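The values are calculated or read from the model by the stated rules, or taken from the named source; none is laboratory data. A quick note: this is a predicted structure, and the numbers were derived from the prediction, not measured. So basically every Cβ, Gly included, is an ideal-geometry build from the backbone, and we count neighbours across all protein chains shown. The accessibility values were calculated without ligands, DNA or RNA, using every heavy atom of the protein model including side chains. Shrake-Rupley method; radii C 1.70, N 1.55, O 1.52, S 1.80 Å.
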Amino acid sequence: MGPGPRRSSPGEPSPDLSESEIAVHWGEEAYVAPPAEFVRQANLGDPTAAQRFAPDRFPECFREYADLLRWRTPFASVLDASRPPFYRWYVGGTLNAAENCVDRHLAERGDQAAIVFVPEPESEPTVSVSYAELGRRVGELAAVLRDDLGLRTGDRVTIHLPMVPELPVTMLACARLGLVHSVVFAGFSGDAAGHRSADCGSRLFVTMDGYWRAGRPVDHLANLAPALAAAEQGGHPPERVLVWRRYADRRMSEVPLVEGRDLDARASVARHAGHSVPAVAQPSDAPLFLMYTSGTTGRPKGCQHATGGYLAYVAGTARAVLDLHPGDVYWCLADIGWITGHSYIVYGPLALGATTVVYEGVPAHPDPGRPWRVAERLGVRVFQTSPTAIRQLRRLGPERPRQHDLRFRLLATVGEPIEPEAWRWYHGEVGRGTAVVVDTWWQTETGGILCSTWPAIHPMKPGSCGPGAPGIRPVVLDEEGHEIAPGTGRAGNLCLRAPWPGLMQTIWGDPDRLVRQYFRKYNRDPESRDWRDWPYFAGDAALIAADGYVRILGRVDDVINVAGHRLGTKEIESACLAVPEVAEAAAVPVADELKGKVPDVYVALRPGVTVPPDEVGRRVARAIETAIGKIARPRRVHVVPDMPKTRSGKILRRVLAGLSNGREPGDVTTLANPEVVEQIREQIAGERPER
Ligand code: PRX
């Protein structure tokens, strides 16, 4: 199986050996039914749900999600699809996202915890932030942003913060004023943050002195200088920098603040103690935030999400799929710096009045019992994490969940395919066989969950994420655009025929790229004004079983999904080329037991280079860390005599990916230099095993 041979043409998926082709395959698993107790209390449990979200109810079915929100001005129509693939949801409505996530809960649940912050060091106390306190903090910071920094509705703010309460507070303060936030994962380098900041012309850059990760203090402020240098180089340096401090009474970085440029956030907020500013009502299609993600070109793109459609969709899916109830204690063990955290740590749970846990550190610190201790102590009922974390916690402490009084009602997984073995441990040991497991498939671009079982309605099937979420109809298309019928066992490209409220509005500054990357592949008539002519191409290979359950195989393009995090091979390659000795570079995905996939890097050197290969390898790894971050660190850097190339000079990554994954490279007779394949194979065989 596999997506089959592909033709290559500009804008189409890469013809190289892709993730989906090195995916591990498994057979169909048996169904597991949701327990009756879960079904009785579920948000989406009544038998009319399927009818309410039936295809003939599109787009009106999505009114139900919008009704979860408080609108300042009611919307006039659910969808304006007159200009596909640019859609406008809840047209005519106005609302404010922060007001929906904070203010409107104050009367009923002001004293309830909105955020529970769990610092990584276990010696530090957990901090509970009530909705009332959150409202106060968001209001004061909004006053700083508006009155001290002069920011106005529509301005962009780049936020390079770790997993601390100041991150959601800063996001919500932006949302309160209609500022467009762009959060960059704290693990990304200063360079990466600065480029993203420049791309959207951020006026303000928000950072922090330090934080804890894997038992070590991280000097995060050290990333500021490279970030500002990169933003300068990009032509749009931010005017000001807002610096949070992790502790009130000490600093985690020696880097001094720069007078006139940097503002101490704690001190500024203190000056506005007790102040607030009114939440600005925003048109439904005003942008709420940007989230940069890797694509098929070197530059990450800013996916722009709209206020009304996005918020309604994440609230609706958090309610329907994660089964969040107001007041639930919910923990999503992911990072707010990725879309999962935006949608299902911050906006979805807070819109629903749940209590959301923000955990600073890595899952297995100081031992793999940590998550279960936290969950027991806080009474977490709904939990979500990635298959990589599940694999790791299982490997390091398979018996640990049983040592705690865990009462999970629902367990979610997201970000990569989960193999049935890991699924069964999650369900049986973590969930005691009584929690429902949902495997949720979606993307940065899609805003919220698109495929998953409906937890009280569909039985679970390990290894398959399930059918479309309410109102979503996934299809698998072949290269010609014909639908591959469910149950045929053939894989193809996963697509969505109809739009949904969480779909990004555009790519910041590059609307053509939205069309090119996601819609052109299957659009036959660029002039068509009918949304049916604009299937969304997700970039994943998948197959659909006879029961309509989708099984994801992996990316078909130049994206590598490392531990559930997206990296572009082109980004990694351009970082390698920053090393002067390197003439050519190729990054390919390798299957990894723990992380799903990791990058392997091949470099060929310029003629006459005398630096030893090991040293070049170290320089290349460092260059990748500087440009992107530690997360992109390659498994190995192979310094090779030459790249396998076609006669037209194109590097054949398929051959390299085959070698990295211990596979036959296939037919190499058409290469311009077939002998190099054998040389590289021998070289790899002779290399030391990886660290
Ligand atoms: O390949 C799919 C994989 O993650 C990609 C999206 O990555 P990102 O935009 O960073 O968003 C991750 C969190 C939503 C997809 O194209 N992916 C995501 N969820 C799953 C998955 N692969 C298999 N199963 C999933 N449940």
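Report the calculated FRET efficiency for SER648 and ALA132 (r = Cβ-Cβ distance, R0 = 60 Å), to the nearest 0.05. Don't skip to the answer; put the middle values down first.
Details: r = 65 Å, r/R0 = 1.09.
Plugging the Cβ-Cβ distance into 1/(1 + (r/R0)^6) gives 0.40.
Could you compute Rg(Cα) / (2.2 N^0.38 Å) for the chain, with N its residue count? Please list the in-between numbers first.
On the way: Rg = 24.4 Å, N = 691, 2.2 N^0.38 = 26.4 Å.
Rounded to two decimals, the normalised Rg is 0.92.
What value does the range 148-214 have for Rg/Rh, both radii from Cα atoms and Rh as Kirkwood defines it? Display every interim value, and only then the final one.
On the way: Rg = 11.8 Å, Rh = 12.2 Å.
That ratio is 0.96, to two decimals.
Could you tell me what a quarter of the Cα convex hull surface of the range 79-196 works out to, in nm² with one decimal place?
Values: hull surface 41.3 nm².
Average of the hull's projected areas for the range 79-196 equals 10.3 nm².
On the protein heavy atoms, probe 1.4 angstrom, tell me the percent of accessible surface of the chain carried by carbon and sulfur.
Here carbon and sulfur together make up 51 percent of the probe-accessible area.
Stick to the Cα atoms of the range 38-81, pair each with every other, and give me the Kirkwood hydrodynamic radius in Å at one decimal.
Hydrodynamic radius (Kirkwood, Cα pairs) of the range 38-81 is 12.3 Å.
Go through the range 650-691 and name the GluC sites (Glu not before Pro) that are in a DSSP coil and have 12 or fewer other Cβ atoms within 10 Å of their Cβ.
Working: sites: GLU675, GLU678, GLU682, GLU687, GLU690; in loops: GLU687, GLU690.
Those that pass, being in a loop and sparsely packed, are GLU687, GLU690.
Measure off 7 Å from each Cα along the Cα-to-Cβ vector at ASP510 and ALA578, then give the distance between these two points in nanometres to one decimal.
1.8
With a probe of 1.4 Å, find how much accessible area the range 427-554 has per residue, and write the answer as a whole number in Å².
About 30 Å² of surface per residue is accessible.
Please list log₁₀ I(q)/I(0) at q = 0.14, 0.24, 0.26 Å⁻¹ for the range 604-671, using the Debye equation with identical point scatterers on the alpha-carbon positions.
Here log10 of I(q) over I(0) equals -0.56, -1.12, -1.15.
Can you give the Kirkwood hydrodynamic radius of the range 197-334 from its Cα pairs, in Å with one decimal? Please report the intermediate quantities before stating the final value.
Working: mean 1/r = 0.0543 Å⁻¹.
Evaluated on the range 197-334, it is 18.4 Å.
Which helices, taking whole DSSP H runs in the chain, have alpha carbons extending 20 angstrom or more along the helix axis plus mean Kyte-Doolittle at least -1.0? Walk me through the numbers before you get to the answer.
Numbers: long enough: 613-627 (21 Å, -0.56).
Helix filter hits for the chain: 613-627.
Please go through the range 376-432 and write out the GluC sites (Glu not before Pro) that DSSP classes as loop and that have at most 11 other C-beta atoms within 10 Å. It would help to have the intermediate numbers written out before the result.
Values: sites: GLU376, GLU399, GLU421, GLU429; in loops: GLU399.
When the GluC sites (Glu not before Pro) of the range 376-432 are filtered for loop state and at most 11 Cβ neighbours within 10 Å, GLU399 remain.
Dividing the convex hull volume of the Cα atoms of the range 246-313 by its residue count, what figure in Å³ per residue is obtained?
On the way: hull volume 14.7 nm³, N = 68.
Convex hull of Cα atoms, per residue: 217 Å³.
Rounded to the nearest angstrom and ordered from largest down, what semi-axes does the equivalent ellipsoid of the range 169-258 get from its C-alpha gyration tensor (root of 5λ)? Present the calculation step by step, with values, prior to reporting the outcome.
Numbers: eigenvalues 91, 53, 29 Å².
One finds semi-axes of 21, 16, 12 Å for the range 169-258.
In deg cm²/dmol, rounded to 500, what helix-only [θ] at 222 nm does the chain give when every DSSP H run of at least 4 residues adds -39500 (n - 2.57) and the total is split over its residues? The partial results should precede the final answer.
Working: 20 runs with 165 residues, N = 691.
Using -39500 (n - 2.57) per qualifying helix, the result is -6500 deg cm²/dmol.
Have a look at the range 486-563 and give its Rg and Dmax from the Cα atoms, expressed in angstrom.
14.0, 41
Distance cut-off 27 Å, Cα to Cα: go down the list LYS521/LYS650; LYS570/LYS645; LYS521/LYS630; LYS570/LYS595; LYS570/LYS630; LYS301/LYS645 and report the pairs above it.
On the way: LYS521/LYS650 23 Å; LYS570/LYS645 17 Å; LYS521/LYS630 33 Å; LYS570/LYS595 20 Å; LYS570/LYS630 17 Å; LYS301/LYS645 29 Å.
Violating the 27 Å limit, Cα to Cα: LYS521/LYS630; LYS301/LYS645.
What is the extension gain from GLU664 to ARG373, computed as 0.36 nm multiplied by their sequence separation minus the C-alpha to C-alpha distance, in nm to one decimal?
Numbers: separation 291, 0.36 × 291 = 104.76 nm, distance 4.59 nm.
Length difference between fully extended and current span is 100.2 nm.
Scaled to the compact-protein estimate 2.2 N^0.38 Å, what is the alpha-carbon radius of gyration of the range 459-614, rounded to two decimal places?
So the Cα radius of gyration is 1.30 times the expected 2.2 N^0.38 Å.
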